[in-house]
Amino acid sequence: MTDATRILELRAELDQHNYRYHVLDEPSIPDAEYDRLFRELKALEADHPNLITPDSPTQRVGNAALSAFTQVRHEIPMLSLGNAFEEVDLREFDRRVTEGLDLPTGDLFGSGAAIHYSCEPKLDGLAVSLLYQDGALVRGATRGDGTTGEDISVNVRTIRNVPLKLHGSGWPPVLEVRGEVFMSKAGFERLNASQMEVGGKTFANPRNAAAGSLRQLDSKITASRPLEFCCYGIGQVTQDIATTHTGNLEQLKQWGMPISRELKVAENIEQCLEYYHDIGARRTQLPYEIDGVVFKVNSLAAQRELGFRAREPRWAIAHKFPAMEELTELLDVEFQVGRTGAVTPVARLKPVKVAGVTVANATLHNMDEVARLGLMIGDTVIIRRAGDVIPQVMQVVTERRPENARLVHVPETCPVCGSHVERTQLIKRSKGKQTVSEGAVYRCVGRLACGAQLKQAIIHFVSRRAMDIDGLGEKSVEQLVDEGLVSSPADLYTLQFDDVVKLEGFAEVSSNNLLKAIEDSKRPSLARFIYALGIPDVGEETAKVLARSLGSLQRVSEALPQVLTYLPDVGLEVAFEIHSFFEDPHNRTVIQQLLERGLQLQEEGEVHPEYAASTTLAGMIAKLDISSVGPTGAEKLVAKLGSLNAIIAADGIDLRQALNTRQAEAVREYFKQPHHAETARAVEAQLQAFGMHWASEKKAVEGLPLAGQTWVLTGSLEQMSRDEAKQKLEALGAKVSGSVSAKTHTVVAGPGAGSKLAKASELGIKVLDEEQFLKFLASM
Ligand code: IVH
């Protein structure tokens, strides 16, 4: 096949996948395969630039920036819609339509010939016109004032679901498609997040984001924005398509045009109202924002008969939903203290009804957000309720700022306990350099001495997915703390009947039930217990990973941050949180007390073999973040020098055998600092204690007496610790694994050995008790 043929084939295939994805919502290949085809086409086009056509799917990337948009006259004006807010407005519209069509109105005898309406969501974006000539997109334009808009052809071409070429055949030679360009809620969130990251402009709502993205003189920016198109009608056209509005849309869909999935036909105005209520109930769950629904007389003949009044069609109406945004006044900013001590600003607002719900408070997230909004107390602000989430302050109306507006200050002391409030620091490590910058979060340093943190910590500790202590609600926790009966989670385990029965709402039976629930919580799994501790940023998933990989509270609490980063989904920041939590003397005391008061952690055991196998010396060196030394450099270093000690001790000449001069210099500079070498050694020692094997040491194993054998240690040993036994076996060349399989050579079983011993006998594997094991070691 020639490249030219393959190019055509790829374009047709990509178009088809685009259509299935964007219009039919039935993708038939995974995204990765699409990307592969796309890259293949791009590469072929790069080889043959003369074969690039404007309708190729690779051409949605934007062009050189324009200095201004040119104006476009709409052959057929782009109109707006009349609005209905209440049911009566809609019934009035139906009456006008019926009368306008000279049909009998529905009467007592049911002789009314009902009118069919198309029902569509009213997307909150911008109206655009797309002109197709002989099936090819030739122009895109904004609505403008309805008569004259702007030519945004290059921009609309970057929108993924706008067909550059119509599918199939039979389309009119000239076809103007109209619809809405919008941004999904998810796209909007993503865009704002990335804008915030790069310090760019954020948008107050998806509509503004869509408008700001579409009207860009630099179409490359448009191309990078998650815009979508939805077709809701036609403008000029050289021949009729169908006899109804929905017939038109269905045909356009066949030609590759995205239309609403919510499109329906109502057979009378009652069904329109049902549609309005149904969509209204699902409004917050829809992936895009809508401000109402649109009803259109479905028969095109009837539309023509009804015609227009001023700038609105008589045959269509928008039935609006209550607004999701309102203006109100910021009365004050108060600070709340959360479980981890984060002191967060909360907006106290002059109560305002937003889409039927009275809003008096809104979260402000953190002080960076306050700064970003430029918020001052006394300001008029735009409040937005997006779905069921907590209302948000979107924007300040600066023009309305009163003269006595006040700056927002973080309190220096905790509003609950009076402890010092500290600004958190962000530790970033890159290219061997550690930079510390000010974080957005302020924290009360009071920890469990702060009533707010203590209460939240206990509420979290007893919650269902943590220690699952039933019967202890928020109110009772508050009371226990306020009356000084509980000053740490460990104190729950010293509560007596007399303490509990005094609490509000407790009687004899409920007190006994609570004490029993506390007693029953004493054997949590390791994962539950870690989660219950409430370590910042450690959710259930991370707790499970920690428990499963490291196998014991001891190892979790001793693990160095760098060692923790080997665990799936544990980044350096979380690793530091975990490490510093267990370093904190107060936390250690509480954990100690919990264990002394009868807590017995379940499922403690070995380091997971997969975790042990996930570490390599090169991987560890790459993690040190030595400038210009990435994974490949680290691999080379290890291949040449073999061990961490050799790398630390190496001089420039040794290092240059593996690396280029710049890298070699960087490695030497790095390890010249004693604390770097020390940390690296500590990390290595701990990883080895946790059971990993460096690749280079595996080689050295050859020739040792136990090379190639896998041993398993189970139960408790009396003469030596399991770690010692393991080291001895490894020194002899054995691999020590956490689980018994057919490949296991020998199992050493101490008292208390359970399932592993059983499995060993089942598989007929040799088993040694401690005494036999010691004798064996002595004989080696
Ligand atoms: S029909 C002559 N259908 O609402 C009819 N408009 O207030 C013209 N809109 O400018 C519009 N979804 O931007 C129609 N399904 C829909 C719509 C819709 C959103 C917007 C459009 C129009 C405005 C009219």
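The values are calculated or read from the model by the stated rules, or taken from the named source; none is laboratory data. Fair warning: this is a prediction, and the values are worked out from it, not measured in the lab. Methodologically, a virtual Cβ is constructed for each residue, glycine included, from the backbone with ideal geometry; neighbour enumeration extends over all protein chains shown.
Table for the structure above
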quantity	calculated
Index of the failed condition, THR632 passing every other in (1) among the hydroxyl-bearing types (Ser, Thr, Tyr); (2) in contact with a helix residue (DSSP H, G or I) (Cβ under 8 Å, 6 or more places away or on another chain); (3) farther than 22 Å from LEU550 by Cβ	(2)
Single condition THR58 does not satisfy, out of (1) exposed (fewer than 15 other Cβ atoms within 10 Å of the Cβ); (2) under 12 Å from ILE7 (Cβ atoms)	(1)
Count of residues meeting criterion [under 17 Å from MET780 (Cα atoms) and either small (Gly, Ala, Ser) or surrounded by 13 or more Cβ atoms within 10 Å (Cβ to Cβ) (or both)] in the stretch 700-719	9
The stretch 348-382, residues that are basic (Lys, Arg) and either more than 29 Å from ARG423 (Cα to Cα) or modelled with pLDDT under 90 (or both)	LYS350, LYS353, ARG372
Qualifying residues in the stretch 168-206 (those that are in contact with a strand residue (DSSP E or B) (Cβ under 9 Å, 6 or more places away or on another chain) and at pLDDT below 90) - the one nearest to the ligand (Cβ to nearest atom)	ASN205
Members of the stretch 297-309 found to be within 12 Å of the ligand (Cβ to nearest atom) and surrounded by fewer than 21 Cβ atoms within 10 Å (Cβ to Cβ), listed by number	GLN303, LEU306, GLY307, PHE308, ARG309
Matching strands (runs of 3 or more DSSP E) fully within the stretch 232-329 where at least 2 residues are modelled with pLDDT of 95 or more and in contact with a Cys (Cβ under 9 Å, 6 or more places away or on another chain)	264-266, 290-297
Positions within the stretch 53-101 being among the polar types (S, T, N, Q) and within 16 Å of the ligand (Cβ to nearest atom), in sequence order	SER80, ASN83
Checklist (1) more than 30 Å from GLU13 (Cα to Cα); (2) loosely packed, with under 15 Cβ neighbours inside 10 Å; (3) of a type in the set (Lys, Arg) applied to ARG261, failing item	(1)
Answer from LEU51, LEU37, LEU24 - the residue that is surrounded by 14 or more Cβ atoms within 10 Å (Cβ to Cβ) and of a type in the set (A, V, I, L, M)	LEU37
Residue count for the stretch 214-231, restricted to those that are buried (at least 16 other Cβ atoms within 10 Å of the Cβ) and either within 16 Å of the ligand (Cβ to nearest atom) or part of a strand (DSSP E or B) (or both)	6
Out of ASP291, ASP278, sole residue that is away from the ligand (no atom under 13 Å from the Cβ) and among the acidic types (Asp, Glu)	ASP278
Filter pass, GLY146 being at pLDDT below 95, within 11 Å of the ligand (Cβ to nearest atom) and more than 21 Å from GLU228 (Cβ to Cβ)	yes
Any pair with Cβ under 6 angstrom, 6 or more apart, that starts in the stretch 170-188 at a residue that is in contact (Cβ under 8 Å) with a residue 24 or more places away in the chain and ends at one that is away from the ligand (no atom under 14 Å from the Cβ) and among the hydroxyl-bearing types (Ser, Thr, Tyr)	PRO172/THR238; PRO173/THR238; VAL174/THR238; LEU175/TYR132
Qualifying residue in the stretch 390-412 (condition: of a type in the set (S, T, N, Q), closer than 24 Å to VAL441 by Cα and in a loop (DSSP other than H, G, I, E, B))	no
Helices (runs of 4 or more DSSP H) within the stretch 572-620 that include 2 or more residues acidic (Asp, Glu)	572-583
Pairs where the first residue, in the stretch 481-502, is over 17 Å from GLN593 (Cα atoms) and without any contact (Cβ under 8 Å) to a residue 40 or more places away in the chain and the second is surrounded by fewer than 12 Cβ atoms within 10 Å (Cβ to Cβ) and not hydrophobic (A, V, I, L, M, F, W, C), C-beta under 7 Å, 6+ apart	VAL501/GLU508
Hey, ARG283 more than 12 Å from the ligand (Cβ to nearest atom) and within 21 Å of GLU180 (Cα to Cα) or not	yes
